[in-house]
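This report refers to the structure that appears directly beneath it.
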Amino acid sequence: MRTRPSLEAALETALETEHLFDYAVVLKPPVMIGRGQYGTRLFYEVRDGRISGPALNGEVLSGGGDWPLVDEEGWTRVDVRGQARTDDGALLFLSYRGVIEPTPALLSAMRSGGATGFDDQYWRVSIEVETGDPRYRWLAQSALIGRGRICEGPGVVYQVFRVC
């Protein structure tokens, strides 16, 4: 039988992350799909964007978007799919799911067209990448997480990390 490690041992073995890139997009105005049995569904289409960072750089291609679901308490479940072309020509498909906390700072930024900081709300995602390019296959074989914020535009920015 496996024993559970002590809190002290768990703290000594905390996971580390490595910042790979930032993912910034400008969005079209939302389309209100409506209230269903799971909450209110919206659609935000990506207008354009950029990936930039120490591990990869490129252009976010049009055609992607977010199909968020907002529950009765204002918590949002993001459901994003999109594609990008790296500066060296690789094509990537990104999909991620996560959760956004409806803090006063977030709600104010959404109403005013302003921005939030990464610490203004709990906004976390789990990201998967697919590619046919062997130079970036390591992305598909990595556990990727991110944190998000609103930026003026209107748009969003994610910092993306690889769990080491």
(message) Nothing charged except the Cβ atoms of Lys and Arg (+1) and of Asp and Glu (-1): what's the magnitude of the dipole of the range 34-84 about its Cα centre? Round to the nearest 20 debye.
(response) 100
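For every helix of n ≥ 4 consecutive DSSP H residues, a contribution of -39,500 (n - 2.57) applies; sum these over the chain, divide by its total residues, and give [θ] at 222 nm rounded to the nearest 500 deg cm²/dmol. Walk me through the numbers before you get to the answer.
Numbers: 3 runs with 19 residues, N = 164.
After summing the helix terms and dividing by residue count, I get -2500 deg cm²/dmol.
Just to verify a number: FRET efficiency for Phe118 and Arg77, C-beta to C-beta distance, R0 = 22 Å, to 0.05? Walk me through the intermediate numbers first.
Values: r = 19 Å, r/R0 = 0.86.
Here the calculated transfer efficiency is 0.70.
To the nearest 20 debye, what charge dipole does the chain have about its Cα centre, counting +1 at the Cβ of each Lys and Arg and -1 at the Cβ of each Asp and Glu? Display every interim value, and only then the final one.
Working: 18 positive and 22 negative charges, 74 e Å.
The dipole magnitude comes to about 360 debye.
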(request) Select from Phe118, Cys164, Gly39 the residue farthest towards the positive end of the dipole of the chain; place +1 on Cβ of Lys and Arg, -1 on Cβ of Asp and Glu, and compute about the Cα centre. (result) Gly39
(request) Answer with one residue from Asn57, Gln141, Ser108: the one whose Cα lies farthest towards the positive end of the charge dipole of the range 23-163, charges on Cβ with Lys, Arg +1 and Asp, Glu -1. (result) Gln141
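By how many nm would the segment from Thr13 to Leu61 grow when fully extended, if each residue of separation counts as 0.36 nm and the alpha-carbon distance is taken off?
13.4 nm
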(message) Could you compute how fast the range 20-82 diffuses translationally, taking Rh as the Kirkwood radius over C-alpha pairs and applying Stokes-Einstein at 4 °C with viscosity 1.567 mPa s? Give it in µm² per second.
(response) 102
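Answer rounded, prolate or oblate for the range 1-127, using the Cα gyration tensor with square roots of eigenvalues a ≥ b ≥ c: rounded when a/c is under 1.5, else prolate when a/b is larger than b/c, else oblate.
Details: a/c = 1.86, a/b = 1.19, b/c = 1.57.
Cα axes put the range 1-127 in the oblate bin.
No lab work stands behind these numbers, since they all come straight from the coordinates. In this text, all values refer to a predicted model and were calculated from it rather than measured experimentally. So basically every Cβ, Gly included, is an ideal-geometry build from the backbone, and we count neighbours across all protein chains shown.
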